[in-house]
Structure formats: C-alpha cells, structure tokens
Amino acid sequence: EAGYNMGVLNIRDGEYDKAIANFGSTPSFNKALAQVLAKNGDDAKRTLAAVNSQDAVVDYLKAIIGSRMNEETEAMENLRKAVAKDPSLKGWAKYDVEFIRYFGSSTFNEIVD
C-alpha cells in the first residue's frame, strides 16, 4: 500500500519511472497512466488489459493510448466505449489535445457530438 501511494505522489511530481516501480507488478489504472506519461504505450496497453474494471476512464485511457500510438481504430473504439459508459466524457474528448488529429474526423465527431 505504501508503495502504491508513493507511486501516486510520483505521478503528481512528474517522476513516472519511479511511479511505475512503486506500483510494483499489480496492474492498475494509475500504473498504466504512469506508463503512458513515461511514453511506454505498449506496457500501458498490457497493464490495462489486465485491469479488471468496467470504468469509463479505463476505456478513455485506452483511447488515448491508441491515439498516441497512431492506432485510430483502437482509439475510436475505446473512446466510443468510454462515452457510452459516461456521456460527460464527450465534453472532455471534444477538446482533448490527445485527440487533435481526429478533430476533423467524421467518426470522432459522431462520438463526441
């Protein structure tokens, strides 16, 4: 527990590699977030695949990972899942620079409008 809490503080302080180490081997949303921020998209994908959660924010983070890895289909599928679970995420996604490359896309606009 102490290591996990330190990992959360490490994320806040921008120490992503330390956060990843402190989260240990247990998959979690926060560990995947630290991996994304440390530019370890493949590791973050594996971590989230092992997270047993139906939370919309998990799907949203998967969409961000897809976007960062230039995997448009994955990004849009996960964004669609996220906003279906929590429609308030449409407002976030609509202006989220993580999805800037899709702002003119009909698929993206269909999801966020």
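Hey, can you tell me all the residues within the range 1-27 that are surrounded by 12 or more Cβ atoms within 10 Å (Cβ to Cβ) and part of a loop (DSSP other than H, G, I, E, B)?
Within the range 1-27, Glu15, Gly24, Pro27 meet the criteria.
Counting just the residues of the range 48-63 that are in contact with a helix residue (DSSP H, G or I) (Cβ under 9 Å, 6 or more places away or on another chain) and assigned to a loop (DSSP other than H, G, I, E, B), which one comes out most open to solvent (accessible area, probe 1.4 Å)?
Only one residue fits best here, namely Gln54.
Between Ser53, Ser106, Ser28, which is polar (S, T, N, Q) and more than 30 Å from Asn5 (Cβ to Cβ)? Outline the logic, then answer.
Numbers: Ser53 fails: more than 30 Å from Asn5 (Cβ to Cβ); Ser28 fails: more than 30 Å from Asn5 (Cβ to Cβ).
It is Ser106.
Suppose we keep only residues that are in a helix (DSSP H, G or I) and polar (S, T, N, Q) within the range 28-44. Which one would you say is most open to solvent (accessible area, probe 1.4 Å)? Talk me through it step by step, then tell me what you get.
Step one: of the range 28-44, the residues in a helix (DSSP H, G or I) are 29-37, 41-44.
Filter again for polar (S, T, N, Q), leaving 30, 35.
Values: Asn30: 39, Gln35: 12 Å².
By that ranking, first place goes to Asn30.
So which residues in the range 83-113 are in contact with a Lys or Arg (Cβ under 8 Å, 6 or more places away or on another chain) and either open to solvent by 20 Å² or more (accessible area, probe 1.4 Å) or under 24 Å from Lys39 (Cα atoms) (or both), if there are any at all?
Glu98, Asp113
The values are calculated or read from the model by the stated rules, or taken from the named source; none is laboratory data. The shown structure was predicted, so the numbers you read here are calculated from the model rather than taken from an experiment. Glycine gets a Cβ as well: all are built from the backbone with ideal geometry, and neighbour counts include every protein chain shown. Please note that ligands, DNA and RNA were not included when accessible areas were found on the heavy atoms of the full protein model with its side chains. Shrake-Rupley method; radii C 1.70, N 1.55, O 1.52, S 1.80 Å.
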